[in-house]
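Single-structure report; data block below.
The values are calculated or read from the model by the stated rules, or taken from the named source; none is laboratory data. Quick caveat, the model's predicted, so the values are computed rather than measured. A quick note on method: Cβ atoms are made from the backbone with ideal geometry, for glycine too, and the neighbour counts reach across all protein chains shown. The accessibility values were calculated without ligands, DNA or RNA, using every heavy atom of the protein model including side chains. Shrake-Rupley method; radii C 1.70, N 1.55, O 1.52, S 1.80 Å.
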Amino acid sequence: MKAKDKQKLNVIKGILSDLTYAEKSQLLPPSNTAAAAAAGSVGSTPPSFSKDNDSDVATIIQKSIKKRQESIESFQNNGRPELADAEKQEVEILSSYLPKQLSDGEIEAIALVTVKRLLEAKKISGGIKSMGVVMKELDIDTARAPKSRVAGIVKKLLSSSMS
């Protein structure tokens with residue numbers, strides 16, 4: 001086995017482990033009802049995670065990429081470029097398993113169409129207070145764009161041009 005293949009195999013094993021953990025963790029009952037109440041999970045249904053759902057898998061991969069990007073920054077700040085390079089290679093491997101990501105311009109165009117449609121239907125009045133309604137109506141797959149990035153673009157759009 002080549003060294004690069006071994007690294008790829010280790011990354012894939014890590015993702016499979018994360019997927020299994022995510023799938024099993026939703027099946028566990030809350031161990032302490034007071035802790036569950038504090039977490040807001042009493043009386044609510046557990047999140048539905050499935051290895052068979054591409055969006056769920058993509059979310060786990062995106063979280064893994066985010067962790068590695070934070071590690072890269074930490075390693076660079078602490079003078080460990082060799083470890084940062086290894087993490088960068090892992091990010092490239094993980095990125096190859098994600099669908100093509102939407103650009104900020106594409107997200108903004110989709111959000112703008114949605115906002116205009118909601119304004120015409122008088123479901124929103126514009127401004128930042130309409131963010132929740134806009135986010136619910138947006139039909140952007142989390143596999144193609146993380147919700148945090150979409151939310152940032154929608155917030156900028158609502159606060160600048162719609163207020």
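If you wrap the tightest convex hull around every Cα atom of segment 77-163 and split its volume per residue, you get 113 Å³. Ligands, DNA and RNA excluded, the heavy atoms of LEU19 present near 10 Å² of accessible surface to a 1.4 Å solvent probe.
Please give the FRET efficiency for GLN7 paired with SER48, using the beta carbon to beta carbon distance and R0 = 35 Å, rounded to the nearest 0.05. Numbers along the way, then the final one.
On the way: r = 33 Å, r/R0 = 0.93.
Once rounded, the FRET efficiency stands at 0.60.
The trypsin sites (Lys or Arg not before Pro) of segment 96-150 that meet both conditions, a loop assignment by DSSP and at most 11 other Cβ atoms within 10 Å of the site Cβ, are LYS100, LYS122. Here the simple spin-label model places points 7 Å from the Cα toward Cβ, and for LEU112 and LEU83 these points are separated by 4.4 nm.
I'd like the FRET efficiency for THR20 and ARG144, computed as 1/(1 + (r/R0)^6) with the beta carbon distance as r and R0 of 22 Å, rounded to 0.05.
Working: r = 24 Å, r/R0 = 1.10.
With a Förster radius of 22 Å, E is 0.35.
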